[in-house]
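S.K.: Pasting a structure below so you can have a look.
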Amino acid sequence: MRGAMDGFGIRSPAGGAMDLDLRLESPLSPQMVTQILQKYGVELDGKLIDSEGLTALTVGKRIELLLRIVSASGGENLLLSLCCHACGETMELEIALNELLEMQLEAEQISSLTMEIDDREFHLRRPTGTDQLIWQTFPFADQREAYLAMLNSLIIADDGESEAHEINDQTLEEVSESLGSFDPLVNFEMQICCPYCQGSSNYALDLLEVAATQLQRKQMQLMQAVHRLAQRYHWSETEILAMPDWRRKRYLRLIDQEIVS
């Protein structure tokens, strides 16, 4: 699956042994995200990207590539279950993957976010997987300290190097608001109207975890298919996974027809 605008693609198809080889745990660590992307053969302009190159990609791009893997595994939409902020009912909804991918590609047309601190103009770059690995080693006292340290490491000075600054709460709030459009998949929010109480609220969604959940669901479906086919036909896991997905599904339908009859 290749992006028409940015040259990125996924080389390996989904639905085979590789899907079961992945140990998908929640939450996904930066290291696990890199392993998943490497497993599926992420490429740029037809050339495979190695582990170091995948880690150096922006967090938003890494999430986008995970969503492409979800799409390649047969899911055109992300399936979500949310609890209504007003009435507490569980809402089921779908988000079109294509819309999310287009949102990321559009945002990437802007390379840095311009901001003002102490009457000086600075630029903020997007975080990368490498940044996440570095941040994991910092002993932050609380969430605010962590967020400030992360933000400071993303400020680019005129010489292209990172430059730390004292950031007050007002500036912090302004930057946080701007990050929504600058890095949409990392700071994803959407307005949702509850079908039960008709109340409308803003929901912040962790798309990395949403993608992980979708991949886990697909992995479990594949394991269940292998289990049923092995029970019925006594084929090995290797033999079952070597089949194209459409053949496995037809055999499963035959089993279902036998049960009904």
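Computed from the coordinates by the stated procedures, all read-outs in this text should not be read as laboratory data. Fair warning: this is a prediction, and the values are worked out from it, not measured in the lab. So basically every Cβ, Gly included, is an ideal-geometry build from the backbone, and we count neighbours across all protein chains shown.
S.K.: List the cysteines of the chain that have no other Cys Cβ closer than 4.7 Å: which are they?
M.R.: Cysteines lacking a close Cβ partner in the chain: 83, 193.
S.K.: Report the full-extension gain for the segment residue 20 to residue 237: residue separation times 0.36 nm, less the Cα-Cα distance, to one decimal in nm.
M.R.: 77.1 nm is the gain from fully extending residue 20 to residue 237.
S.K.: Using bins 10 angstrom wide from zero, how does P(r) for region 15-106 break down, in % of all Cα pairs?
M.R.: In order of increasing distance, the bins hold 14, 39, 34, 10, 2, 0 percent.
S.K.: Something else: Suppose a student asked you for the relative contact order of the chain, using Cα pairs under 8 Å spaced at least 6 residues apart; what percent would you report?
M.R.: 20 percent
S.K.: Summing Lys, Arg as +1 and Asp, Glu as -1, what charge do residues with Cβ under 15 Å from the Cβ of residue 201 carry, residue 201 excluded?
M.R.: -2
S.K.: Take the Cβ-Cβ distance between residue 35 and residue 170 as r, set R0 to 51 Å, and report the resulting FRET efficiency rounded to the nearest 0.05.
M.R.: It comes out at approximately 0.80.
S.K.: Which of 231, 219, 35 moves the most in a Gaussian network model of the chain with Cα springs under 10 Å?
M.R.: 231
S.K.: Net charge near residue 79, counting Lys/Arg +1 and Asp/Glu -1 over other residues with Cβ under 15 Å of its Cβ?
M.R.: Counting the neighbours of residue 79, the net charge comes to -4.
S.K.: Further, regarding this structure: Need the C-alpha centroid separation for region 7-73 versus region 120-155, integer Å.
M.R.: Their Cα centres are 24 Å away from one another.
S.K.: Another one. Give me, ordered by chain and number, the residues 5 or more places off residue 77 or on other chains with an amide H under 5 Å from its own placed amide H.
M.R.: The list, which skips near neighbours in sequence, is 97.
S.K.: If R0 is 35 Å, what FRET efficiency do you get for residue 150 and residue 202 from their C-beta distance, rounded to 0.05?
M.R.: The value I calculate is 0.95.
S.K.: For an R0 of 41 angstrom, estimate the FRET efficiency from the Cβ-Cβ distance between residue 138 and residue 258 and round to the nearest 0.05.
M.R.: In this case the efficiency is close to 0.10.
S.K.: A further question on this structure: Which Rg and Dmax, in Å, describe the Cα atoms of region 217-260?
M.R.: Final numbers for Rg and Dmax: 9.9, 28 Å.
S.K.: From the convex hull of the Cα coordinates of the chain, what is the mean projected area in square nanometres?
M.R.: Approximately 18.1 nm², given one-decimal rounding.
S.K.: Run down the lysines and flag those whose C-alpha is under 21 Å from the C-alpha of residue 249, throwing out any fewer than 8 positions away in its chain.
M.R.: 218
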